[in-house]
Amino acid sequence: MSLAEWSQIAPVYGGPGTTYDQIVSFAGAPVEQAGVTYNSDGTQEFDANFAQCDPNGVRSPDSSVFFVFDTDYGYNSATGATQIGPFKARYKGSWEPVDVVITPTMAAKDPSYCSVEEFQSLKKRMTLARVAKILDGRGRRTDRYSRFESRRYGKVSTSSGTVQYCEVTFRDGRLLRKDRTAY
């Protein structure tokens with residue numbers, strides 16, 4: 001569920017609120033749902049959590065928004081029967097900020113990240129200038145001593161487990177070792 005979708009949901013008890021089926025049609029199935037509670041007045045209710053998405057539409061693995069749904073309850077004077085309507089959102093939880101999730105595909109297209117192909121093309125004894133050219137000069141020096149220098153290419157993300165970066169160690173300006181980390 002994106003922020004725009006969450007904003008469209010109108011939690012109204014007994015009125016023209018957004019139904020559970022309408023929410024599922026644009027946000028997909030909930031990530032978690034409690035069982036239905038049957039109340040003595042004939043109404044029913046349940047809770048559901050829907051996954052939140054980042055602005056790119058990528059699901060945030062740790063973020064969800066909470067809703068309480070219940071049914072309308074009414075009396076039809078023409079038939080003398082109790083009517084129970086569809087499940088509607090009675091309570092809408094707050095939207096929490098979502099980290100942007102960078103998928104491997106996005107990382108490969110974004111010059112801010114080190115792609116798998118770029119990492120694999122790095123070979124021992126390459127010069128620092130050649131490595132910088134392959135990785136578009138995005139390196140940041142993390143350590144330097146005597147004849148050794150280490151640089152980190154790409155960004156580290158605490159989000160989902162998809163962003164990768166690499167650390168490269170040079171000796172006398174030539175590639176000595178490379179390490180890749182996928183988050």
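The values are calculated or read from the model by the stated rules, or taken from the named source; none is laboratory data. Quantities reported herein were computed from a predicted structural model and do not represent experimental measurements. Note that we place each Cβ from the backbone using ideal geometry, even for glycine, and neighbour counts take in every protein chain shown. Quick note on the areas: whole protein, heavy atoms, side chains included, nothing else; ligands and nucleic acids left out. Shrake-Rupley method; radii C 1.70, N 1.55, O 1.52, S 1.80 Å.
Worth pointing out:
- Screening the candidates V156, V116 for the property of being among the β-branched types (V, I, T), within 25 Å of the chain's Cα centre (by Cα), at pLDDT below 85 and open to solvent by 60 Å² or more (accessible area, probe 1.4 Å) yields one hit, V156.
- Of the listed requirements (1) among the acidic types (D, E); (2) under 15 Å from G93 (Cα atoms); (3) exposed (fewer than 13 other Cβ atoms within 10 Å of the Cβ), D47 misses just one: (3).
- Residue check, T71 without any contact (Cβ under 8 Å) to a residue 60 or more places away in the chain, more than 15 Å from L3 (Cβ to Cβ) and loosely packed, with under 15 Cβ neighbours inside 10 Å: no
- Failed criterion for G57 (all others in (1) surrounded by 13 or more Cβ atoms within 10 Å (Cβ to Cβ); (2) on the phi > 0 side of the Ramachandran plot hold): (1)
- A single member of P55, P61, P30 is touching a Gly at 6+ places or on another chain (Cβ under 8 Å), under 21 Å from P97 (Cα atoms) and not hydroxyl-bearing (S, T, Y), and it is P61.
- Verdict on S94 being polar (S, T, N, Q) and modelled with pLDDT under 85: no
- Looking only at residues in region 16-27 that are open to solvent by 30 Å² or more (accessible area, probe 1.4 Å) and either in contact with a Gly (Cβ under 9 Å, 6 or more places away or on another chain) or of a type in the set (S, T, Y) (or both), the one that is nearest to Y73 (Cα to Cα) is Y20.
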